[in-house]
1. Quick one: grab the alpha carbon gyration tensor of region 1-95, order the square roots of its eigenvalues as a ≥ b ≥ c, and give me rounded if a/c is under 1.5, else prolate or oblate depending on whether a/b is larger than b/c.
2. What FRET efficiency, computed as 1/(1 + (r/R0)^6) with R0 = 25 Å and r the Cβ-Cβ distance, is obtained for K318 and T289, rounded to the nearest 0.05?
3. How fast does region 121-199 diffuse by Stokes-Einstein, in µm²/s, taking the Kirkwood radius from C-alpha pairs at 4 °C and 1.567 mPa s?
4. So which aspartates and glutamates pass the test for K49, namely a Cα distance under 15 Å, with those fewer than 8 places away in the same chain ruled out?
5. I'd like the orientation of helix 108-126 relative to the chain: the angle between its Cα long axis and the longest Cα principal axis, in ° from 0 to 90, rounded to 10.
6. Among rounded, prolate and oblate, which fits region 245-308 when a ≥ b ≥ c are the square roots of the eigenvalues of its C-alpha gyration tensor, a/c under 1.5 means rounded, and a/b larger than b/c means prolate?
7. Mind checking which aspartates and glutamates have their C-alpha under 15 Å from K29, skipping anything on the same chain fewer than 8 residues away?
8. Would you mind checking K117/K157; K10/K296; K164/K264; K34/K300 for any pair whose Cα atoms are more than 29 angstrom apart?
Amino acid sequence: MEILDWLIMKRYELLQKIKTRALELGFDKVGVAKSGPIDASIYHEWLEKGFHGQMAYMAKYLDKRFDPAQLVPGAKSVISLAMNYYQKTEESSPDQGTISLYALGDDYHEVMREKMKQLLTDICVWIPDCEGRVFVDTAPIQDKYWAVKAGIGWLGKHGNVITKEFGSWVFLGEIVITEELEYDEPIPDYCGTCRKCLTACPTGAIVTPHIVDARKCISYWTIEVNGEQKIPETVAAKMGNLVFGCDICQNVCPWNKKFSKQTKESRFRARPHNINPALTDLTNMSLETFRIWYQKSTIKRAKLKGLLRNARIALQNKTCI
Ligand code: B12
Ligand code: SF4
Ligand code: SF4
C-alpha cells in the first residue's frame, strides 16, 4: 500500500472512531471540517451596522474569532458537535409566561462541555501527540460557520443551523485539534423559497435572510440586556408572554414542525417550574427562589432583575389584550 493511501485510511478510521464515540457520549450529530481562517465579511458588516447592540464581547478578539489556529496553535481540524434539545410542551394560558425551549432544563454549556471534554480525552489517548481544546460559547468562535462547514446542517434564513434530522433545535459546540482527519462536506440549503420565519418575526429582527439585528430581537432583550434597562416599546409590545428568549421564528419553520424529536438528554428536560410559570409567581419572585430555581440554568444570565422586568412586561401585555 502506498504511504498516501495508508495515511488516508488511518485518517478515515480515526474519523469513524471519533464519530462513533461522540454518538455514544450522547451527541446527536457530529461532523469534521478542515481548520483555517474564515471569510469574515458578513460578520464585519453585521458589526458595522451595530446589529450586535450592547454585546460588546462580539466586537472583541476578532483575530481569534476568525481563525481557530489563534485559539489552538497548529489547529488542523474542527469537530462540530450538535445536541438535540427539543421537547414538546403544553401551550401557555394568558396568565402564564413562556420560557424558550433551550432554557427549560439544565444549562447546555455544562452538559455539552462535560461530554466534549470526555471526547477530547479519548481522542488524546488514540492520538498521543494530539492537542486540542473544547468550545461551547466559552471563547470567540463561530459555531454556526463550523457546523455548516462540517455538514451538520445549513444556515436557515432565521439565522440558526437546521439539521435534516432534528430541525434547528440543536445546540452547537466544537473541539479543535491539531491532527489532520478526513473531512465532511457541507449539505445543500433546503430553505428554498420559504420565508415563513421572516414573516413570523413580530419585530422584523431578521432584516435579511440569515441576518438578525439583535437590537430588534426579543431573545436579545430578554436574555442579554441587563434588567436595569428598559426594553424599547416597539419590542416590549410584541413580546406577548415571552419571559426568557424567543422561539417564534423556529416554531414556524417547516423543518421544525416536521422533524422535531424529543431530546434523549435527561438534563435538558424541563424543570417543572419552567413550564408555563404563572406570571404573578415570576413578578413576586424573591432572590432566594431565583437562586434555587435557576441554579445550573441559563436563565441565571438574565439575573433576577431581568426576569422581573420581562415578567412585568408580559403581565402588562396580558392586560392590553
Ligand atoms: C450573538 C448570538 C445571538 C444574538 C444574535 C443572533 C444571530 N442569529 O446571530 C441573539 C442574542 C439575538 C441570539 C439569539 C438566539 N440564539 Co444565539 N448566539 C449568538 C452567538 C453567541 C454568536 C452568533 C454570531 O456570531 N452572530 C453574528 C452573525 C453575523 O454570525 P453568524 O450567523 O455565525 O455568521 C457567520 C456564518 O454563519 C456566515 N454566514 C452568515 N450569514 C450567512 C449567509 C449565508 C448564505 C452563508 C453561506 C453564510 C453566512 O458568516 C459568518 C461568518 O462569521 C452564538 C454562539 C456562537 N459562538 O456562535 C449563539 C447561537 C447562534 N445562539 C443559539 C440560540 C439557540 C439562540 C436562540 C434560539 C435562543 C432563544 N431561543 O432565544 C435565539 C435565536 C435568534 C435567531 N433568530 O437567531 C445557538 C443556535 C444553534 C443553532 N441550531 O444554530 C448558538 C449557536 C449557541 C450554541 N452554542 O448552540 N443569539
Ligand atoms: S427570536 Fe423572535 S424576535 Fe428574534 S428573530 Fe426570531 S422571531 Fe424574531
Ligand atoms: S422558516 Fe422557512 S426560510 Fe425560515 S429557516 Fe425555516 S425553512 Fe428556512
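Every read-out reported here was derived from the displayed coordinates using simple, explicitly stated rules and does not represent laboratory data. This one's a predicted model, so the numbers in the text were calculated from it and none came from an experiment. Glycine also receives a Cβ, built like all others from the backbone with ideal geometry; neighbour counts cover every protein chain displayed.
1. On the way: a/c = 3.55, a/b = 1.29, b/c = 2.75.
Judged from the Cα gyration tensor, region 1-95 comes out oblate (a/c at least 1.5, b/c at or above a/b).
2. On the way: r = 22 Å, r/R0 = 0.86.
Efficiency, from the Cβ-Cβ distance: 0.70.
3. Working: Rh = 14.3 Å.
Answer from the Stokes-Einstein relation: 90 µm²/s.
4. D213
5. 10
6. Values: a/c = 2.56, a/b = 1.81, b/c = 1.41.
Cα axes put region 245-308 in the prolate bin.
7. Hits, sequence-local ones excluded: D143, E165, E174, D184, E185, E265.
8. Working: K117/K157 32 Å; K10/K296 40 Å; K164/K264 17 Å; K34/K300 35 Å.
Listed pairs above 29 Å: K117/K157; K10/K296; K34/K300.
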